[in-house]
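I have placed the structure first, in the form of structure tokens, so that the comments after it can refer back to it.
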Amino acid sequence: MHSRSTTIIGAGVAVAILGAVLVFAFSRHVQGTAGASTSPSTAAYVATVAIGTGTKGSDITPMIKLASVPTTARPADAITALSQVSSLQSTRSIEAGEVISASQFGAPGTPNTSTSGLVIPAGHNAITVTSPVPQAVAGYVSPGDLVNVYMTSKDSVGVRLLLSNVSVLATVVANTPKPVAGAAAPPSGDIYFTLSLTPQEAEKVIFAETYEGIWYGLVHPGDGPATTNGQTLKTLFQ
């Protein structure tokens, strides 16, 4: 009799445990189904049209809207206020429907894929010029240096400083090994400078290189812009 009672009690306990397990499993299933049908969402600024590279942050107001997006689709650096990018500009194209994020914007001149990594300040052009080795400081100019641009005039036989403290964006030495510090200048070859110039400055450099002659001077670090009156045969020995 005692053995039978024990068996009945044991069976009852087992049934109770099984029931609890089934209820728990069903509850989890219901919660999972509810979660799948109502994914968490959050507010974010989204592009309504394509935004081109170089667009000012202060100009994107009519191109974006505040919308609800899935939490998983919102970047960690998504902007929460337009003031975060108002003084910046887009560094790449932003497609319609993309969430606006801080990483899509940078200060004017921030490298981007459309300029192949050249850091071009806003309002400037990257202009490449070529020069023989002596006129190009024998290959000692490097990206990031500042140079003075001197123009030699063929007609009036004179030399004058054309532009001062021009930023060098890139250099390429054609068929000439880069000189070792303290070594003699390479004997021949052309050197290409890519300069950061405003459109007006670009006109001056292109004119001088095409119709006159140009020499470059490597600026001492920290020196400010220079000014000169130029030199002709009459003033050379004054």
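The values are calculated or read from the model by the stated rules, or taken from the named source; none is laboratory data. Given the structure is predicted, the values throughout are model-derived calculations rather than measurements. So basically every Cβ, Gly included, is an ideal-geometry build from the backbone, and we count neighbours across all protein chains shown.
Residue check: is ALA202 closer than 20 Å to LEU118 by Cβ and not in a strand (DSSP E or B)? Spelling it out, ALA202 is indeed closer than 20 Å to LEU118 by Cβ and not in a strand (DSSP E or B). Suppose we keep only residues that are part of a loop (DSSP other than H, G, I, E, B) and closer than 23 Å to PRO132 by Cβ within region 182-199. Which one would you say is modelled with the lowest pLDDT? Selected residue: PRO187. Can you report the number of residues in region 123-166 which are surrounded by fewer than 17 Cβ atoms within 10 Å (Cβ to Cβ) and either in contact with a helix residue (DSSP H, G or I) (Cβ under 6 Å, 6 or more places away or on another chain) or assigned to a loop (DSSP other than H, G, I, E, B) (or both)? Residues flagged as surrounded by fewer than 17 Cβ atoms within 10 Å (Cβ to Cβ) and either in contact with a helix residue (DSSP H, G or I) (Cβ under 6 Å, 6 or more places away or on another chain) or assigned to a loop (DSSP other than H, G, I, E, B) (or both) within region 123-166 amount to 10. Contact map, region 138-155: first residue at negative phi, second residue part of a helix (DSSP H, G or I) and among the basic types (Lys, Arg), Cβ cut-off under 9 Å, separation 6 or more or different chains; pairs are VAL149/LYS204; MET151/LYS204. Comparison of ALA73, ALA11, ALA43, ALA67 shows that the only residue that is surrounded by 10 or more Cβ atoms within 10 Å (Cβ to Cβ), at pLDDT below 90 and within 30 Å of ILE94 (Cα to Cα) is ALA73. Within region 62-106, the residues that satisfy the criterion of being part of a strand (DSSP E or B) and either outside the structural domain of THR48 (by TED's automatic domain parsing) or of a type outside the set (S, T, N, Q) (or both) are ILE64, LYS65, LEU66, ALA67, VAL69, PRO70, ALA78, ILE94, VAL99, PHE105, GLY106. Quick check on region 88-100. Is at least one of its residues acidic (Asp, Glu) and surrounded by 15 or more Cβ atoms within 10 Å (Cβ to Cβ)? Looking through region 88-100, at least one residue is acidic (Asp, Glu) and surrounded by 15 or more Cβ atoms within 10 Å (Cβ to Cβ).
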